[in-house]
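The values are calculated or read from the model by the stated rules, or taken from the named source; none is laboratory data. Just so we're clear, the structure is a prediction, and the values are computed from it rather than from any experiment. Because the Cβ atoms are built from the backbone with ideal geometry, glycine has one as well, and the counts that use them run over all protein chains shown. Areas reflect the complete protein model, heavy atoms only, side chains present, ligands, DNA and RNA absent. Shrake-Rupley method; radii C 1.70, N 1.55, O 1.52, S 1.80 Å.
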Amino acid sequence: MRTNTQEAVLSAYIASIGKRTPREAAQDAAELCRLTTSLNRLNEIACNSGLTERQERRKQNLQTRVKAVLEGAGLVLNHFNSDPRGYAVYLDLPDGSYNSFGGRECGYGIGR
């Protein structure tokens, strides 16, 4: 899914929860998409050649930042995915929407 589409969908969900203004929701959505793109790049590197210690720390920091943005936005993390063929982060959206073959249990994926 294109990043702009993901940002728009995430922004709408974040705004619908009511914890954030539409502007803050758009900023949160953009931040989440940016962070998940970085995570996906690290997943590709890990698959191809493995991660260095520095890259491992970066991955942990990115995951911590994703959790913080999700908490502030009122969204719930389902799980992180380390397979570069899929989405890097899966969320549980309020209405139970999903965009992957895993169904509702897997959640709504964001990333590349």
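Quick one: grab the alpha carbon gyration tensor of the chain, order the square roots of its eigenvalues as a ≥ b ≥ c, and give me rounded if a/c is under 1.5, else prolate or oblate depending on whether a/b is larger than b/c.
Since a/c reaches 1.5 and a/b is larger than b/c, the shape of the chain is classed as prolate.
Of the complete DSSP H runs in the chain, those spanning 20 angstrom or more by Cα along the long axis with a mean Kyte-Doolittle score not below -0.5 are 3-17, 22-48.
Calculate what fraction, in whole %, of the accessible area of the chain sits on carbon and sulfur atoms when a 1.4 Å probe is rolled over the protein chains. Show your work: numbers first, answer last.
Details: 3070 of 6430 Å².
On the chain, the fraction of accessible area on carbon and sulfur atoms equals 48 percent.
Heavy-atom accessible area for SER97, with the other protein chains in place and a 1.4 Å probe, reaches approximately 40 Å². Of interest is the spacing of the C-alpha centroids, which for the stretch 68-112 and the stretch 22-38 amounts to 14 Å. A simple spin-label model places pseudo-atoms 7 Å from Cα toward Cβ; at ARG54 and ARG23 they are separated by 3.8 nm.
When each of the peptides 80-88, 9-17 is scored by how many other beta carbons lie within 10 Å of its residues on average, the order from highest to lowest is 9-17, 80-88.
Compute the accessible area per residue over the chain, keeping the other protein chains in place, probe 1.4 Å, unit Å².
Details: 6430 Å² over 112 residues.
With all protein chains present, the chain gives 57 Å² per residue.
Rolling a 1.4 Å probe across all protein chains gives ARG57 an accessible area of roughly 140 Å².
Annotation: peptides 67-76, 28-37, ranked by per-residue average of other Cβ atoms within 10 Å with the highest first, follow the order 28-37, 67-76.
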